[in-house]
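Asks: One structure is given below, represented as structure tokens, and several questions about it will come after.
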Amino acid sequence: MGTVLFFPREKREPSPNLPNEVEKLIIDKVKKVNKQEKSVKNEKASDMLIGKWIKCDNCKEILYKEDVHKNLSVCPNCGKHFRLSARRRIKQIADEGTFEEIGKDILTKDPLKFEGYLKKVESLKEKTKIEEAVKCGTCKINGEDVVLAVMDGNFLMGSMGSAVGERITLAIETSILKRLPLIIFCVSGGARMQEGIVSLMQMAKTSAALAKHNQSGLLYISVLTDPTTGGVTASFASLGDIILAEPNALIGFAGPRVIEQTMKQKLPEGFQRSEFLLEHGFIDKIVERKDMKDVLTQIIRLHK
Amino acid sequence: MADLSAWDRVTLARMLERPKSLDYINNIFTDFIELHGDRNFGDDKSIVGGIAKLDDISVTVIGEQKGKKAKENMERNFGMPNPEGYRKALRLMKQAEKFKRPIITFIDTPGAYPGMGAEERGQGEAIARNMLEMSNLKVPIICIVIGEGSSGGALAIAVGDKIVMLENAVYSILSPEGFASILYKDASKAKDAAENMKMTAKDLKNMKIIDKIIDEPDGGAQNDFNQVVKELKQYIKESIKELSKYSEEELIENRYQKFRIMGK
Ligand SMILES: [Zn+2]
């Protein structure tokens with residue numbers, strides 16, 4: 001897979017004997033912690049114990065979570081773009097203190113009365129501290145006013161049910177009403193099964209709203225992140241005037257496993273990844289996370 | 001036919017001998033001329049389309065086409081379109097708009113084809129584009145689910161002013177088998193899934209997703225096809241008459257509102 005590697009720091013080869021390296025790191029930390037006073041010591045020690053470390057699923061390097069977060073949730077070692085919560089994404093894209101949420105009161109519906117669904121949603125709300133799989137609002141990006149919608153893969157895989165469809169539609173309509181550019185960051189497993197046909201209809205609803213947006217002569221930038229699949233790919237994600245993608249994001253209509261079952265063969269490396277879509281003409285540009293805000297700003301200003 | 005379970009209807013909707021899009025096209029309309037190709041990649045046989053007469057007016061007709069025999073079904077890819085199928089449909093719909101012809105679509109698909117080529121040629125984009133364009137077309141659109149209406153593959157030709165289902169047709173986010181394997185982790189629970197998915201014509205009418213149910217004789221549409229054709233033709237004519245009263249702007253705005261309230 002031709003992932004472009006980029007490093008804000010020195011390049012390191014993944015170590016073959018990782019556990020030792022990690023142990024050493026932890027021992028170093030513990031030594032430092034040991035010199036500190038008791039209350040701080042307890043906090044730092046427990047930090048390590050309760051999993052403040054993560055392993056990069058690409059280069060297998062063990063990374064300190066804080067370092068990863070400071071690096072925009074991109075692996076400092078290999079450049080892998082980790083999945084991002086809506087909250088962190090907004091922080092990276094919107095000018096500080098400018099994001100004003102819209103549609104927060106639009107909540108999950110249960111048209112199928114599907115057993116256990118609302119209970120699951122409640123527990124997810126508690127766990128993720130968000131109410132649904134997309135956050136929408138108005139904000140400034142380097143001083144430019146926009147409507148921004150950011151999906152969140154932590155909430156039922158970013159699936160689109162009535163609330164997501166309704167919030168996205170409201171964002172599109174707000175963009176039309178205020179005559180502002182629209183930016184949607186997509187991450188989604190597709191339409192939300194638990195809401196059945198109503199979820200399916202959100203594809204038509206959001207696409208129809210974008211038809212209106214299109215008629216209004218306004219700019220819509222769609223940004224595809226890992227993963228963007230199913231009903232979201234087959235609606236607003238694919239309808240941007242300009243479509244950007246983060247590196248190596250999985251983007252497609254059918255999921256890889258379904259295709260493998262249909263074709264009765266394994267998919268080639270890199271199939272349905274951003275670079276593949278660029279090659280096949282379905283996205284305009286691959287943009288690394290560190291450049292995303294500036295590229296968005298440039299595009300917005302080119303349309304003024 | 002009151003007491004059928006949702007699964008019974010799924011079975012009826014999938015029957016090989018059930019009338020397919022071309023049966024409706026050839027029996028409701030006259031002078032049908034089939035038009036081929038998306039002018040870009042190829043001609044997808046799982047979607048048929050062309051121009052025909054509805055009594056004295058010209059209309060554009062489009063349908064997802066399954067086969068009635070195993071061999072034809074293979075040729076038609078079991079009614080699972082590739083992107084070029086949806087793009088052919090879109091080309092014919094834009095043509096209809098140019099010549100101010102009403103559009104009638106027939107939906108009958110297990111879903112858009114999940115193949116490698118389909119992905120390479122942008123299945124998601126093709127479906128999305130159709131929905132966007134259909135919501136903006138300046139001519140009346142009537143969409144009729146005649147068998148299986150499954151997933152975005154169905155919706156890609158089902159954004160219209162009137163959405164109709166035959167009594168035993170089903171319309172859902174995906175097949176009950178797929179639903180069961182995802183949500184119950186067990187594809188064999190498809191029967192249960194069908195009951196819970198609210199996928200029958202009656203369910204969708206209650207949920208205000210569709211406008212009209214066309215009755216079928218006992219055992220399915222093939223048992224008295226003439227009657228079904230008669231009722232459907234009547235409904236199409238009435239709908240076109242009703243929709244012709246609106247200006248282009250009103251037509252598009254009403255269509256927008258129709259989908260706008262779904263899930264609100
Ligand atoms: Zn890495």
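Asks: Taking only DSSP H segments of four or more residues, each worth -39500 (n - 2.57), what value at 222 nm results for the protein assembly as shown once the sum is divided by all its residues, to the nearest 500 deg cm²/dmol?
Replies: On the way: 23 runs with 238 residues, N = 568.
-12500 deg cm²/dmol, from helical runs alone.
Asks: Got a number for carbon plus sulfur as a percent of the stretch B:189-244's accessible area, 1.4 Å probe? Before the final figure, lay out the partial values.
Replies: On the way: 1240 of 2940 Å².
Answer for the stretch B:189-244 is 42 percent, counting heavy atoms of protein chains only.
Asks: For the pair residue A:178/residue B:184, report the inter-label distance in nm, with labels modelled 7 Å from Cα in the Cβ direction.
Replies: Taking the two extended label points, one gets 4.6 nm.
Asks: While we're on this one: Whole number in Å², please: accessible area per residue of chain B, 1.4 Å probe, ligands, DNA and RNA not counted.
Replies: 39 Å²
Asks: Right, next: At a threshold of 8 angstrom on Cα-Cα distance, excluding pairs fewer than six apart, so keeping six or more, what relative contact order does the stretch A:83-150 reach in percent?
Replies: Values: 68 pairs, mean separation 28.3, N = 68.
42 percent.
Asks: Moving to a separate point now. If you take every residue apart from residue B:202 with its C-beta less than 10 Å away from the C-beta of residue B:202, what net charge results, scoring Lys and Arg +1 and Asp and Glu -1? All intermediate terms of the calculation are to be shown ahead of the outcome.
Replies: Details: positive: B:9, B:198, B:205; negative: B:167, B:203.
So the environment of residue B:202 carries a net charge of +1.
Asks: Taking beta carbons within 10 Å but only from partner chains, what does the mean come to for residues A:226-235? Mind showing how you got there, number by number?
Replies: On the way: counts 0, 0, 1, 1, 5, 8, 2, 8, 16, 7.
Per-residue shielding by partner chains comes out at 5.
Asks: Continuing with this model, one more query. Can you order the peptides A:118-126, B:40-48 by their average number of other Cβ atoms within 10 Å per residue, highest first?
Replies: Details: A:118-126: 13.4, B:40-48: 19.9.
In descending order of packing, they fall as B:40-48, A:118-126.
Asks: Hey, with R₀ at 25 Å, roughly what FRET efficiency would residue A:104 and residue B:257 work out to, going by the Cβ-Cβ distance, to 0.05? It would help to have the intermediate numbers written out before the result.
Replies: Values: r = 24 Å, r/R0 = 0.96.
Calculated value: 0.55.
Asks: Taking each full run of DSSP H in chain B as one helix, which ones are at least 30 Å long along their axis (Cα atoms) and have mean Kyte-Doolittle hydropathy of at least -1.0? All intermediate terms of the calculation are to be shown ahead of the outcome.
Replies: On the way: long enough: none.
Once both thresholds are applied, nothing remains.
Asks: Only protein chains counted, 1.4 angstrom probe. Which residues of the stretch A:89-128 are at least 50 Å² less accessible in the assembly than when their chain is isolated?
Replies: Output list: A:112, A:114.
Asks: Could you name the lysines in cross-link range of residue A:119, using Cα to Cα under 18 Å and dropping any fewer than eight places away on the same chain?
Replies: A:109, A:127, A:129
Asks: Taking beta carbons within 10 Å but only from partner chains, what does the mean come to for residues B:151-159? Working shown, then result.
Replies: Values: counts 9, 11, 2, 1, 10, 3, 0, 3, 7.
So the per-residue partner count for this stretch is 5.
Asks: Same structure, new question: Let's see if you can work this out: charge +1 on each Lys and Arg Cβ, -1 on each Asp and Glu Cβ, no other charges. What is the dipole magnitude of the protein assembly as shown about its Cα centre, in debye to the nearest 20?
Replies: Values: 88 positive and 81 negative charges, 306 e Å.
It comes to approximately 1460 debye.
Asks: Further, regarding this structure: For the stretch B:136-212, compute Rg over Rh where Rg is the Cα radius of gyration and Rh is the Kirkwood radius from the inverse mean 1/r over Cα pairs. Kindly include the intermediate steps, with their values, before the conclusion.
Replies: On the way: Rg = 13.4 Å, Rh = 13.0 Å.
Rounded to two decimals, Rg over Rh is 1.03.
Asks: Here is a further query. For the stretch B:54-141, what does the alpha-carbon gyration tensor say about shape, rounded, prolate or oblate, given a ≥ b ≥ c as the root eigenvalues, a/c under 1.5 as rounded, and a/b over b/c as prolate? Present the calculation step by step, with values, prior to reporting the outcome.
Replies: Working: a/c = 2.87, a/b = 1.37, b/c = 2.09.
Oblate is the answer for the stretch B:54-141, as a/c is 1.5 or above yet b/c matches or exceeds a/b.
Asks: Over chain B, calculate the relative contact order: mean separation of alpha carbon pairs under 8 Å at least 6 apart, over the residue count, as a percent. Before the final figure, lay out each step's value.
Replies: On the way: 537 pairs, mean separation 47.8, N = 264.
This gives 18 percent for chain B.
Asks: While we're here: Project the alpha carbons of chain B onto their principal axes and report the range along each, largest first, in whole Å.
Replies: Sorted from largest, the Cα extents of chain B read 49, 43, 41 Å.
Asks: 7 Å from Cα along Cα→Cβ at both residue B:233 and residue A:145: what's the point-to-point distance in nm?
Replies: Each label point is offset 7 Å from its Cα along the Cβ direction, giving 5.7 nm.
Asks: Further question: For the interface of A with B, what's the total buried accessible surface in square angstrom, probe 1.4 angstrom, rounded to the nearest hundred? Provide the component values of the computation, followed by the final result.
Replies: Numbers: alone 16480 and 12310 Å², together 24750 Å².
Looking at A and B, the buried total is near 4000 Å².
Asks: Can you pull the percent of the stretch B:20-94's accessible area that's carbon plus sulfur, 1.4 Å probe, other chains left in place? Please list the in-between numbers first.
Replies: Details: 1680 of 3110 Å².
About 54 percent, which is the carbon plus sulfur part of the accessible surface.
Asks: Using Cα positions and a limit of under 20 Å, work out the lysines in reach of residue B:189, with same-chain residues fewer than 8 apart set aside.
Replies: A:113, B:198
Asks: Shape of the stretch B:195-264 from its Cα gyration tensor (a ≥ b ≥ c, root eigenvalues): rounded if a/c is under 1.5, otherwise prolate when a/b > b/c, or oblate?
Replies: Values: a/c = 4.68, a/b = 1.28, b/c = 3.67.
Oblate is the answer for the stretch B:195-264, as a/c is 1.5 or above yet b/c matches or exceeds a/b.
Asks: Return the average number of partner chain Cβ atoms within 10 angstrom of each residue Cβ along peptide A:210-216. Walk me through the numbers on the way to the answer.
Replies: Details: counts 4, 11, 7, 1, 3, 2, 0.
Neighbouring Cβ atoms belonging to other protein chains average 4 per residue here.
Asks: Which FRET efficiency value, to the nearest 0.05, do you get for residue A:115 and residue B:36 by plugging their Cβ-Cβ distance into 1/(1 + (r/R0)^6) with R0 = 45 Å? If you can, show how the numbers build up before the last one.
Replies: On the way: r = 47 Å, r/R0 = 1.04.
Efficiency at R0 = 45 Å is approximately 0.45.
Asks: Any idea what % of Cα-Cα pairs in the stretch A:181-263 are farther than 19 Å?
Replies: Numbers: 1370 of 3403 pairs.
In whole percent, the share of Cα-Cα pairs in the stretch A:181-263 beyond 19 Å is 40.
Asks: Please tell me which of these pairs span more than 26 angstrom C-alpha to C-alpha: A:52/A:91; A:91/A:212; A:120/B:212; A:140/B:264; A:135/B:264?
Replies: Values: A:52/A:91 21 Å; A:91/A:212 29 Å; A:120/B:212 35 Å; A:140/B:264 28 Å; A:135/B:264 17 Å.
Where the Cα-Cα span goes over 26 Å, the pairs concerned are A:91/A:212; A:120/B:212; A:140/B:264.
Asks: Quick one: what do you get for the protein assembly as shown if you divide its Cα Rg by 2.2 N^0.38 Å? Intermediate values should be presented prior to the final figure.
Replies: Values: Rg = 25.5 Å, N = 568, 2.2 N^0.38 = 24.5 Å.
In units of the 2.2 N^0.38 Å rule of thumb, it is 1.04.
Asks: FRET efficiency for residue B:14 and residue A:64, Cβ-Cβ distance as r, R0 = 41 Å, nearest 0.05? The partial results should precede the final answer.
Replies: On the way: r = 55 Å, r/R0 = 1.34.
About 0.15, to the nearest 0.05.
Asks: Taking all protein chains as present, what is the carbon and sulfur share of the accessible area of the stretch A:115-244, in % to the nearest whole number, probe 1.4 Å? Intermediate values should be presented prior to the final figure.
Replies: Numbers: 1870 of 3560 Å².
Of all accessible area on the stretch A:115-244, carbon and sulfur atoms account for 53 percent.
Asks: Separate question: Among A:263-269, A:166-172, how do they line up by average Cβ neighbours within 10 Å per residue, starting with the highest? Show your work: numbers first, answer last.
Replies: Details: A:263-269: 10.1, A:166-172: 25.7.
The peptides rank, most packed first, as A:166-172, A:263-269.
Asks: Roll a 1.4 Å probe over the protein chains and send me the accessible area per residue for the stretch A:83-302 in Å².
Replies: Values: 8600 Å² over 220 residues.
Per residue, the stretch A:83-302 has 39 Å² of solvent-accessible surface.
Asks: I've got another one for you. Is the stretch A:76-221 rounded, prolate or oblate when judged by the Cα gyration tensor, a ≥ b ≥ c being the square roots of its eigenvalues, rounded requiring a/c under 1.5 and prolate requiring a/b larger than b/c? The partial results should precede the final answer.
Replies: Details: a/c = 1.84, a/b = 1.20, b/c = 1.53.
Judged from the Cα gyration tensor, the stretch A:76-221 comes out oblate (a/c at least 1.5, b/c at or above a/b).
The values are calculated or read from the model by the stated rules, or taken from the named source; none is laboratory data. All values reported here derive from a predicted model rather than from experimental measurement. With ideal geometry, Cβ positions are generated from the backbone for all residues, glycine too; neighbour counts draw on all protein chains shown. SASA here: full protein model, heavy atoms, side chains in, ligands and nucleic acids out. Shrake-Rupley method; radii C 1.70, N 1.55, O 1.52, S 1.80 Å.
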